[in-house]
Amino acid sequence: SNAQVLLLDSDDNPPLMPYTATFPLETTANSSYEIWIAATPPAHGSPMSYTIDEINWNPVTPVDGTLQPYAPGLAWYKIGSINLFPGKHWLKLRANSRRPQDNRYFFAIDAIVLSPRGFKPNGVIKPY
């Protein structure tokens, strides 16, 4: 990412809808996939939720409670698993509220990995 992240850092309320970022995902097999992100750890950012293809909003939290080192202020963590058919899908991340530390909207994300089971993050080394 060349030391750049997608960053939400604001004390302004969202204009009409919650702050949201949408990412396209492409799958080639009918399979179960793990969803990993390299992002602000939940304890340091705004409470976030995610959805794939607008089906159920889920909290952005490490499903097993584990954070893996990534970069200053960021960590790898698995936020869920999902069964997907081949084709295009959409991952949406939404800021639910302000973070309690300073009453700001704050969240940074650098990488998203949609992987068959068994992905092992290795810091900033690209997984492909």
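The values are calculated or read from the model by the stated rules, or taken from the named source; none is laboratory data. Just so we're clear, the structure is a prediction, and the values are computed from it rather than from any experiment. All Cβ positions, even for glycine, are placed from backbone atoms using ideal geometry, and neighbour counts span all protein chains on display. Just so you know, the surface numbers come from the protein's heavy atoms only, side chains and all, with ligands and any DNA or RNA stripped out. Shrake-Rupley method; radii C 1.70, N 1.55, O 1.52, S 1.80 Å.
Computed values, structure above
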quantity: Cleavage-rule hits, trypsin sites (Lys or Arg not before Pro), region 27-128, DSSP coil, Cβ neighbours within 10 Å at most 10; calculated: 117
quantity: Cα-centred dipole magnitude for the chain, charges only on beta-carbon of K, R (+1) and D, E (-1), debye, nearest 20; calculated: 220 debye
quantity: For region 44-74 versus region 1-27, the gap between their alpha-carbon centres in whole angstrom; calculated: 13 Å
quantity: The chain, relative contact order [Cα under 8 Å, separation at least 6], %; calculated: 41 percent
quantity: Residue-normalised accessible area of the chain, given per residue in Å² at a 1.4 Å probe; calculated: 59 Å²
quantity: Rounded FRET efficiency, nearest 0.05, which uses the C-beta distance separating residue 120 from residue 10 and R0 of 35 Å; calculated: 0.55
quantity: Gained length - residue 54 relative to residue 31, 0.36 nm times residue gap less alpha-carbon distance; calculated: 6.4 nm
quantity: (i) 57; (ii) 45; (iii) 53, with the label sought being that of the calculated percent of Cα pairs over 18 Å apart; calculated: (iii)
quantity: Whole-percent carbon and sulfur share, accessible surface of the chain, 1.4 Å; calculated: 55 percent
